[in-house]
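One structure below.
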Amino acid sequence: TVIDSEAILGTLRRHFDLRPDPKPRGSAPAELWQVAASADHPAGTDGVIASVSHAFCSDCDRTRLTADGQIRSWLFSTEESDLRALLRGGADDAAIETVWRTAMWAKPAGHGINDPDFVQPVRPMSAIGG
């Protein structure tokens, strides 16, 4: 079940005074909100990652190196590039860079999660540190 960002923010606003963070988001996945201090809690910052209801794919410049040495160009990717095998096989920096760049430049323009042919990856985000 997907809970869209407006529902999350609506629930938070019932308990907290939220203001949009004035700092530019850039390529960060979370939209930040400043939480005003009250008698019940100190001031803080909250972040909402709305990758489905408000996709930010076109601004994302990230790739992920998993704990087992795989490169994913995006979190929902069903394909990974194996850097661990290259490192263990003695590949030089140029070879490793080429594989990483190839994965990065093949990054899709969007996650396609709402497309009828979308397939969940075998390893979900929680299994790779997402």
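The values are calculated or read from the model by the stated rules, or taken from the named source; none is laboratory data. The structure presented is a predicted model; accordingly, all values stated were derived computationally and were not measured. Methodologically, a virtual Cβ is constructed for each residue, glycine included, from the backbone with ideal geometry; neighbour enumeration extends over all protein chains shown. Ligands, DNA and RNA are stripped out before the accessible areas are found, and what is left, the full protein with its side chains, is counted by its heavy atoms. Shrake-Rupley method; radii C 1.70, N 1.55, O 1.52, S 1.80 Å.
Summary of computed values
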read-out	value
Residue among 89, 110, 53 farthest towards the positive dipole end of the chain, charges placed on Cβ	89
R0 of 25 Å, Cβ-Cβ distance residue 106-residue 5: FRET efficiency to nearest 0.05	0.35
Model label zone, residue 58; criterion: amide N under 18 Å from point 7 Å along Cα-to-beta-carbon; scope the stretch 102-130	107-115
Cβ-defined net charge surrounding residue 53, 10 Å radius [Lys, Arg +1; Asp, Glu -1]	-2
Cα-centre dipole for the chain with unit charges at Cβ (Lys and Arg positive, Asp and Glu negative), debye to 20	160
Long-range HN-HN contacts of residue 17 with modeled amide H, under 5 Å	36
Within a Gaussian network of the chain (alpha carbon springs, distance under 10 Å), most fluctuating of 65, 12, 75	12
Per-residue SASA entry for residue 17, accessible area with 1.4 Å probe, Å² rounded to 10	70
Solvent-accessible surface ranking, highest first, for 8, 96, 3 at 1.4 angstrom	3, 8, 96
